[in-house]
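Participant: Following this message is one structure expressed as structure tokens.
The values are calculated or read from the model by the stated rules, or taken from the named source; none is laboratory data. Note that this is a predicted model, so its numbers are computed, not measured. For neighbour counting, all protein chains shown are included, and Cβ atoms are generated from backbone atoms with ideal geometry for every residue, glycine included. Accessible surface is based on the protein model in full, side chains and every heavy atom, while ligands, DNA and RNA are left aside. Shrake-Rupley method; radii C 1.70, N 1.55, O 1.52, S 1.80 Å.
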Amino acid sequence: MAVLQGKKVLLGVTAGIAAYKTASLVRLFIKSGATVQVVMSPAAKDFVTPLTLATLSKNPVYSSFFDEESETKQWNNHVDLALWADFMIFAPLTANTMAKMTQGQSDNLLMAVYLSAKCPIYFAPAMDLDMYKHPSTTSNINTLQNFGHHFIPATSGELASGLVGAGRMAEPEAIVAFIKADLLQKMPLKNKKILITAGPTYEALDPVRFIGNHSSGKMGYELAKHAAQLGAQVILISGPSCLTMNTNGVKLIKVKSSDEMFKAVFEHYATVDIAIAAAAVADYKPAHISAQKIKKNEASYQLDLVKTKDILLAMGEQKQNQFLVGFALETENEIANATGKLTKKNLDLIVLNSLNDKGAGFQSDTNKVTLLAANKKMTTFDLKTKAEVAQDIFNTIIAIQHA
Ligand code: CTP
């Protein structure tokens with residue numbers, strides 16, 4: 001599950017022995033596809049070097065309001081850092097910083113970042129067993145939980161003092177697993193299975209030639225990535241495309257022709273919750289595929305074409321509980337044509353691209369769409385990247401499903 005893929009993680013490191021484990025924690029976040037920004041309390045630098053964490057996170061590590069090394073004494077903006085993050089994790093969190101958090105003290109950059117953060121906050125305390133058991137610690141943990149922060153309890157074991165008991169910071173693997181599980185259960189598409197078609201189809205004429213189109217597949221691949229980030233299990237059925245798909249949670253099935261796409265779609269359609277037909281399926285295919293390469297013996301050559309099966313139309317006919325989304329690429333009477341397809345194909349939503357809009361449609365990295373829903377609601381969006389358009393499409397699907 002690609003829960004952490006693309007997530008922006010702010011890691012707050014405070015001055016405990018367990019700070020050495022943050023090197024592994026940073027690596028685990030990075031391996032899960034997240035971007036990590038480390039902010040340390042000044043004293044934490046005695047426990048793990050900023051150089052280690054900067055190297056592993058591939059980002060500068062901040063610990064003071066000013067960058068002391070730079071000649072211009074650059075200001076490290078706590079607000080920008082705080083607003084950048086998708087979530088913040090304090091690991092290890094000392095008794096001292098925990099107390100400051102409950103009081104809203106802002107005597108270092110880390111505390112200023114914390115007080116400016118609007119994102120979810122996780123905290124993994126680490127301290128000696130008597131400190132961990134102290135009523136003030138228990139009370140501070142409760143206070144932070146009442147703030148809505150997520151508590152990752154310390155574990156029991158041998159502590160740096162040599163004493164044995166509760167107070168060890170949760171292991172980096174357990175911290176990552178805790179955060180993943182928490183994010184997953186908040187994901188709007190968790191437990192949803194989504195089928196997406198993408199790319200062109202190639203309709204063979206002979207063993208070496210085909211009729212195809214210029215679709216890159218970008219829109220469908222962005223939809224698949226975004227659906228996985230929202231917790232869905234995705235089946236991406238793609239015609240020939242140069243794009244690759246490495247996102248966890250997306251199963252890529254490659255096909256060539258419209259017939260192959262049709263077959264692959266109906267192997268899965270009955271089991272999915274949402275289906276999105278973003279593929280530019282050929283409308284016609286050669287009536288016969290020559291077994292041998294066609295020779296250029298004649299001055300002219302007539303191609304006999306027959307209609308391909310309309311995959312989306314068939315999905316609409318066989319629809320049970322699936323939420324069905326189609327695309328319409330139009331050059332004139334856009335709204336009327338798209339509305340006609342919405343009804344004819346029994347869709348819940350249609351994504352209209354007009355070729356009259358600059359930056360929309362095939363090959364481009366951008367798209368400009370209007371979403372028309374079966375409930376007659378129509379929303380026109382600005383020109384955006386296809387990744388942003390994918391977000392708009394899923395926001396609309398989720399809003400309709402929760403209406
Ligand atoms: N589509 C499909 N199978 C086909 C043709 C189209 O699944 N054989 C899907 C596309 O993926 C898209 C939608 O149908 O989601 C719209 O396709 P489009 O070609 O624009 O519409 P048509 O209904 O084929 O009408 P026309 O070509 O006449 O505009």
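Participant: Name the one entry in 219, 245 that is under 18 Å from residue 312 (Cβ atoms) and in contact with a Lys or Arg (Cβ under 8 Å, 6 or more places away or on another chain).
Facilitator: Values: 245 fails: under 18 Å from residue 312 (Cβ atoms).
Every option except 219 fails the conditions.
Participant: When you go through 50, 60, 92 one by one, which is the residue that is free of Cβ contacts under 8 Å to residues at least 24 places away in the same chain, open to solvent by less than 50 Å² (accessible area, probe 1.4 Å) and not β-branched (Val, Ile, Thr)?
Facilitator: Values: 60 fails: open to solvent by less than 50 Å² (accessible area, probe 1.4 Å); 92 fails: free of Cβ contacts under 8 Å to residues at least 24 places away in the same chain.
Matching residue, one of 50, 60, 92: 50.
Participant: Without any contact (Cβ under 8 Å) to a residue 12 or more places away in the chain, in the same structural domain as residue 145 (by TED's automatic domain parsing) and under 14 Å from residue 123 (Cβ atoms), is that true of residue 100? It would help to see each step written out before you state the result.
Facilitator: Working: without any contact (Cβ under 8 Å) to a residue 12 or more places away in the chain: yes; in the same structural domain as residue 145 (by TED's automatic domain parsing): yes; under 14 Å from residue 123 (Cβ atoms): yes.
So residue 100 fits the description; yes.
Participant: Condition first: in contact (Cβ under 8 Å) with a residue 40 or more places away in the chain, small (Gly, Ala, Ser), closer than 13 Å to residue 18 by Cβ and surrounded by fewer than 22 Cβ atoms within 10 Å (Cβ to Cβ). Can you find one or more residues in segment 116-132 that meet it?
Facilitator: Among the residues of segment 116-132, not one is in contact (Cβ under 8 Å) with a residue 40 or more places away in the chain, small (Gly, Ala, Ser), closer than 13 Å to residue 18 by Cβ and surrounded by fewer than 22 Cβ atoms within 10 Å (Cβ to Cβ), which makes the answer no.
Participant: Could you list, in sequence order, all residues of segment 227-265 that are farther than 15 Å from residue 277 by Cα, more than 16 Å from the ligand (Cβ to nearest atom) and buried (at least 17 other Cβ atoms within 10 Å of the Cβ)?
Facilitator: Once the filter is applied, which keeps residues that are farther than 15 Å from residue 277 by Cα, more than 16 Å from the ligand (Cβ to nearest atom) and buried (at least 17 other Cβ atoms within 10 Å of the Cβ), segment 227-265 yields 228, 229, 230, 231, 232, 233, 245, 247, 249, 250.
Participant: Would you call residue 331 within 10 Å of the ligand (Cβ to nearest atom), assigned by TED's automatic domain parsing to the domain that holds residue 208, under 30 Å from residue 388 (Cβ atoms) and modelled with pLDDT under 95? Before the answer, list the steps.
Facilitator: Values: within 10 Å of the ligand (Cβ to nearest atom): yes; assigned by TED's automatic domain parsing to the domain that holds residue 208: yes; under 30 Å from residue 388 (Cβ atoms): yes; modelled with pLDDT under 95: yes.
Answer is yes for this residue.
Participant: Moving on. Tell me, which residue of segment 274-288 that is more than 10 Å from the ligand (Cβ to nearest atom) and in a loop (DSSP other than H, G, I, E, B) is least open to solvent (accessible area, probe 1.4 Å)?
Facilitator: 287
Participant: Further question: In segment 307-338, which residues are open to solvent by less than 60 Å² (accessible area, probe 1.4 Å), of a type in the set (Val, Ile, Thr) and more than 14 Å from residue 266 (Cβ to Cβ)?
Facilitator: Selection gives 308, 325.
Participant: May I pose another question? Identify, by number, the condition in (1) within 16 Å of the ligand (Cβ to nearest atom); (2) in a loop (DSSP other than H, G, I, E, B) that residue 301 doesn't meet.
Facilitator: (1)
Participant: Can you name the condition, by its number, that residue 208 falls short on among (1) more than 20 Å from residue 316 (Cα to Cα); (2) without any contact (Cβ under 8 Å) to a residue 60 or more places away in the chain; (3) open to solvent by 20 Å² or more (accessible area, probe 1.4 Å); (4) in the same structural domain as residue 384 (by TED's automatic domain parsing)?
Facilitator: Unmet condition: (2).
Participant: Something else about it: Please enumerate the residues belonging to segment 339-349 that are more than 8 Å from the ligand (Cβ to nearest atom), crowded, with 17+ Cβ neighbours inside 10 Å and part of a helix (DSSP H, G or I).
Facilitator: Selection gives 339, 342.
Participant: A further question on this structure: Please indicate, with yes or no, whether at least one residue in segment 63-76 is surrounded by 18 or more Cβ atoms within 10 Å (Cβ to Cβ) and assigned to a helix (DSSP H, G or I).
Facilitator: No.
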